[in-house]
Amino acid sequence: MEIQFTGKTALVTGAGQGIGRAIAKRLFEHGAKVYALSKTSENLRKLQEEAPGILTVIVDLEDWEATQKAVKDLGHIDLLVNNAGVAILESFLDIKSESFDKVFNVNLKAVVNVSQTVVKQMIADKTGGSIVNVSSQASQAALRDHAIYCSTKSALDMLSKVMALELGQHKIRVNCVNPTVVLTEMGKLGWSDPLKSGPMLAGIPLGRFAEVEEIVDAVVFLLSDRASMIHGTTLPVDGGFLAC
């Protein structure tokens, strides 16, 4: 199945590393003009070395006004991937106010801010568009010490459904991708201990974690016209974890 985004402009948040970085590179390879957004300039510099031609946006998504201005200055966007996310692991009884605010600010509030800004331009230009929000299997399965993170991803799933309900009339599709543990560099490090990874793997019928490119494949498909009738869905990429 050949997918091309020639003539399309894409914005990927959290594109400095991991899944976001791989999504930005793939979209660029498929012909899109790509804006890669991150708050870490060094990560974006390395991305540009790997894929000269990708354009970068340096902004902290927790800063509402600065983010809004940075995104608005980009002009028209056809494809939006809200990938940026953070996780602060604390048991329920140890949740701190600052942890709650930071995780919700990045994982949910920033999605509202970036999407509003992009969508208003899409509507003004009457072009339609496609948005993919990167959620998690943790939106539907409770994980110990992930109370805040799980809550943000559950909220993101429902936000995406409401966006789909309201934006469909403007030919703007909105979908979620919900991965299991993904073997990014951070993922490999964080799940290298068999005592931690063992119980999670035991719950995945395919018996393994996801590779980065498997998440990218799902995102790119949902962004593309090949998914033109897929709207308002949450797509698990979890080896069957949520089926059990």
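List of remarks:
- Tally, over region 139-186, of residues that are in contact (Cβ under 8 Å) with a residue 60 or more places away in the chain, over 23 Å from Leu80 (Cα atoms) and not hydrophobic (A, V, I, L, M, F, W, C): 2
- On inspection, Ser160 qualifies as in contact with a Cys (Cβ under 6 Å, 6 or more places away or on another chain), at pLDDT 95 or above and either closer than 19 Å to Val114 by Cβ or loosely packed, with under 14 Cβ neighbours inside 10 Å (or both).
- Filter result for Asp94 (free of Cβ contacts under 8 Å to residues at least 12 places away in the same chain and acidic (Asp, Glu)): yes
- Residues of region 184-207 classified as assigned to a loop (DSSP other than H, G, I, E, B) and either among the small types (Gly, Ala, Ser) or farther than 17 Å from His146 by Cα (or both), total: 8
- Residues of region 230-244 satisfying the condition of being under 17 Å from the mean Cα position of the chain (by Cα) and among the small types (Gly, Ala, Ser): Gly232
- Candidates Ala15, Ala24, filtered to the one that is buried (at least 23 other Cβ atoms within 10 Å of the Cβ), part of a loop (DSSP other than H, G, I, E, B) and either touching a Leu at 6+ places or on another chain (Cβ under 7 Å) or in contact (Cβ under 8 Å) with a residue 12 or more places away in the chain (or both): Ala15
- Filtered residues of region 25-53 (kept if among the aliphatic types (A, V, I, L, M), in contact with a helix residue (DSSP H, G or I) (Cβ under 7 Å, 6 or more places away or on another chain) and within 19 Å of Glu185 (Cβ to Cβ)): Ala36, Leu47, Ala51
- Some residue of region 154-166 being within 27 Å of Leu93 (Cβ to Cβ), out of contact with any strand residue (DSSP E or B) (no Cβ under 7 Å at 6 or more places or on another chain) and basic (Lys, Arg): no
The values are calculated or read from the model by the stated rules, or taken from the named source; none is laboratory data. Bear in mind that the values here come from a model prediction, so they are computed numbers and not experimental data. Cβ coordinates were reconstructed from backbone atoms using ideal geometry, including for glycine residues, and neighbour counts include every protein chain displayed.
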